[in-house]
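The values are calculated or read from the model by the stated rules, or taken from the named source; none is laboratory data. All of these numbers come straight from a predicted model, not from anything done at the bench. As a convention, Cβ positions derive from the backbone with ideal geometry for all residues, glycine included, and neighbour counts pool all protein chains shown.
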Amino acid sequence: MKKDVIKLDSSKAGSIELADEIFALEPRADILHRVVRWQRARAQAGTHKVKTRSEVNYSTKKIYRQKGTGGARHGARSAPIFRGGGVYKGPTPRSHAFDLPKKVRSMGLKHALSAKAAAGELVVLDKASLKAGKSKELANAIKKMGWKRTLVIDGLEVNYEFARAASNIDGLDVLPSAGANVYDILKRDTLVLTKSGIEALEARLK
């Protein structure tokens, strides 16, 4: 498929041929869902923790005698049945990550890129660079093109001045091609790929 290329000042800079096997697939929600779940699970801290019966600050002395009270038998106030006692089978620190085949991860990225292209939310930029890292200059360019929640994916390396200017703009994120992922692509309204970013992604996914 063919796509127009623009510059930061919104002027045209020719066109580029995009690989159909990456940018022209029929997006599959099940693949995207699997990859996003895998990403979010890996991002979970897994530091949730409750105190068990052996960890609460209570005496281990028997509350009352075993027989003759007419009540149920209890050993200590730290039992889960009492208020302030330890929690039974509560959450403990663990990893939420699970395995997902590389083939599915690769497929998910292709379908995410295809989804943006099909929705008309894919923009190809000649290059993401600025002479001076001025946020005002970049913010004006973005406002002129109507970009709001935007992700810019560059080549192997991100231009330092461009990244510095983008860091002060709310709703604009910049990633190198190696950092391209399904979750970040799908949650943005506009996906901007540079020509070098497209080359790097096609080399990675073909």
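Looking at the stretch 71-115, which of its residues are charged (D, E, K, R) and not in a loop (DSSP other than H, G, I, E, B)? Explain how you work it out, then say what you get.
Start the filter on the stretch 71-115 by keeping residues that are charged (D, E, K, R), which leaves 73, 77, 83, 89, 94, 99, 102-103, 105, 110.
The answer is Lys102, Lys103, Arg105, Lys110.
If you take the residues in the stretch 118-137 that are out of contact with any strand residue (DSSP E or B) (no Cβ under 8 Å at 6 or more places or on another chain) and not in a loop (DSSP other than H, G, I, E, B), which one is surrounded by the fewest Cβ atoms within 10 Å (Cβ to Cβ)?
Checking each candidate, the answer is Lys136.
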Which residues, taken from the stretch 152-190, are over 13 Å from Leu201 (Cα atoms) and of a type in the set (Asp, Glu)? Glu161, Asp170, Asp173, Asp184, Asp189
Within the stretch 40-70, take every residue that is within 38 Å of the chain's Cα centre (by Cα), part of a loop (DSSP other than H, G, I, E, B) and basic (Lys, Arg) and give me the one that is modelled with the lowest pLDDT. Arg53
Of (1) surrounded by fewer than 18 Cβ atoms within 10 Å (Cβ to Cβ); (2) under 21 Å from the mean Cα position of the chain (by Cα), Gly146 fails just (2)
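Taking the stretch 146-190 on its own, how many of its residues are part of a strand (DSSP E or B) and in contact with an Asp or Glu (Cβ under 8 Å, 6 or more places away or on another chain)? Spell out the reasoning first.
Initially, the stretch 146-190 is screened for residues part of a strand (DSSP E or B), giving 150-153, 172-175, 190.
Applying the additional criterion that residues be in contact with an Asp or Glu (Cβ under 8 Å, 6 or more places away or on another chain) yields 150-152, 173-175, 190.
Of the residues in that region, 7 qualify.
I'm trying to understand the selection: among the residues of the stretch 71-94, which are among the hydrophobic types (A, V, I, L, M, F, W, C), surrounded by 11 or more Cβ atoms within 10 Å (Cβ to Cβ) and more than 36 Å from the chain's Cα centre (by Cα)?
Matches in the stretch 71-94: Ala76, Ala79, Phe82.
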If you go through the stretch 10-27 one residue at a time, do you hit one that is under 20 Å from the mean Cα position of the chain (by Cα), in a loop (DSSP other than H, G, I, E, B), in the same structural domain as Val182 (by TED's automatic domain parsing) and within 30 Å of Gly197 (Cα to Cα)? yes
Residues in the stretch 187-196: is at least one more than 21 Å from Pro27 (Cα to Cα), of a type in the set (Ser, Thr, Tyr) and in contact with a strand residue (DSSP E or B) (Cβ under 7 Å, 6 or more places away or on another chain)? yes
